[in-house]
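Scroll down for the structure; my scribbles are underneath it.
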Amino acid sequence: VNTESQTLSSTISNQQVTELPSLTRNPYDFVGTVPNVSSDSNSGRGTGYAIDGLRSSSTNVMLDGVANNDEFTATVGQQVPLDSVQEYAVTTGTFSAEYGRAAGGVVNVITKSGTNTFHGSAYEFNRVSALASNNFYDNANGLPKGIYDRNNFGYSIGGPILKNKLFFF
């Protein structure tokens, strides 16, 4: 709770973005970890979550402080990879007019930026049926475990182009 402006907001940190499980590797999956938010995946609108009991299409999605909405379909305008997200804030109540069209809530994604040193990461997210168990209902009915194999490879790199002036990530 912000006592100066009555804003209710939660921040999803870089550590949470990196370490929390995400089957789809979508950064907006973590909006559901915030209080006053419920899943609305059937509508396909907004970030897929209803905030403060309002429709998910009432959510204003921002990218680095700029509106990131597809106004025609009321969805996220530009998707960003999970590895490019530094953190994001989910504002769920009584926010000021600076956020624009939002009635339900505001999701503001902040992306990583370059620095004067080179940095990056390489990864593989592996999900295979050999490491999973069968679910309760399939076990009860004598059905075999499903077979799947999911490998997600990627990397990120950031650094200087002109020292102290121009960076990339």
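Take the conditions aromatic (Phe, Trp, Tyr), more than 19 Å from residue 7 (Cα to Cα) and in contact (Cβ under 8 Å) with a residue 40 or more places away in the chain and apply them to residue 95. Does it pass? In short, no. With respect to being closer than 14 Å to residue 110 by Cα, of a type in the set (Asp, Glu) and open to solvent by 70 Å² or more (accessible area, probe 1.4 Å), residue 19 falls outside the description. Checking the range 111-133 against the condition returns a match, with at least one residue being open to solvent by less than 70 Å² (accessible area, probe 1.4 Å), within 22 Å of residue 32 (Cα to Cα), out of contact with any Cys (no Cβ under 9 Å at 6 or more places or on another chain) and assigned to a strand (DSSP E or B). Have a look at 90, 80 and point out the one that is touching a residue at least 40 places away in the same chain (Cβ under 8 Å), outside any strand (DSSP E or B) and surrounded by 15 or more Cβ atoms within 10 Å (Cβ to Cβ). The match here is 80. All told, residue 59 meets the bar of being open to solvent by less than 30 Å² (accessible area, probe 1.4 Å) and touching a residue at least 12 places away in the same chain (Cβ under 8 Å).
Residue count for the range 28-55 under the criterion of being in a strand (DSSP E or B), open to solvent by less than 70 Å² (accessible area, probe 1.4 Å), of a type in the set (Gly, Ala, Ser) and modelled with pLDDT of 80 or more: the result is 2. Taking (1) closer than 20 Å to residue 34 by Cα; (2) at pLDDT below 85; (3) of a type in the set (S, T, N, Q) in turn, residue 73 satisfies each apart from (1). Look at residue 132 and say whether it is among the small types (Gly, Ala, Ser) and either more than 27 Å from residue 18 (Cα to Cα) or free of Cβ contacts under 8 Å to residues at least 12 places away in the same chain (or both). No: the conditions fail for residue 132.
Residues that are hydroxyl-bearing (Ser, Thr, Tyr) and exposed (fewer than 12 other Cβ atoms within 10 Å of the Cβ) within the range 93-110 comprise just one, 96. Among the residues making up the range 134-168, none is modelled with pLDDT under 85, outside any strand (DSSP E or B) and surrounded by 11 or more Cβ atoms within 10 Å (Cβ to Cβ). Scoring residue 25 on the criteria (1) open to solvent by 70 Å² or more (accessible area, probe 1.4 Å); (2) touching a residue at least 60 places away in the same chain (Cβ under 8 Å) leaves a single failure, condition (1).
The values are calculated or read from the model by the stated rules, or taken from the named source; none is laboratory data. Predicted model, so just to flag it, every value in this text is computed and none were measured. We place every Cβ from the backbone using ideal geometry, glycine too, and count neighbours over all the protein chains shown. Protein only, heavy atoms only, side chains kept; ligands, DNA and RNA dropped before computing areas. Shrake-Rupley method; radii C 1.70, N 1.55, O 1.52, S 1.80 Å.
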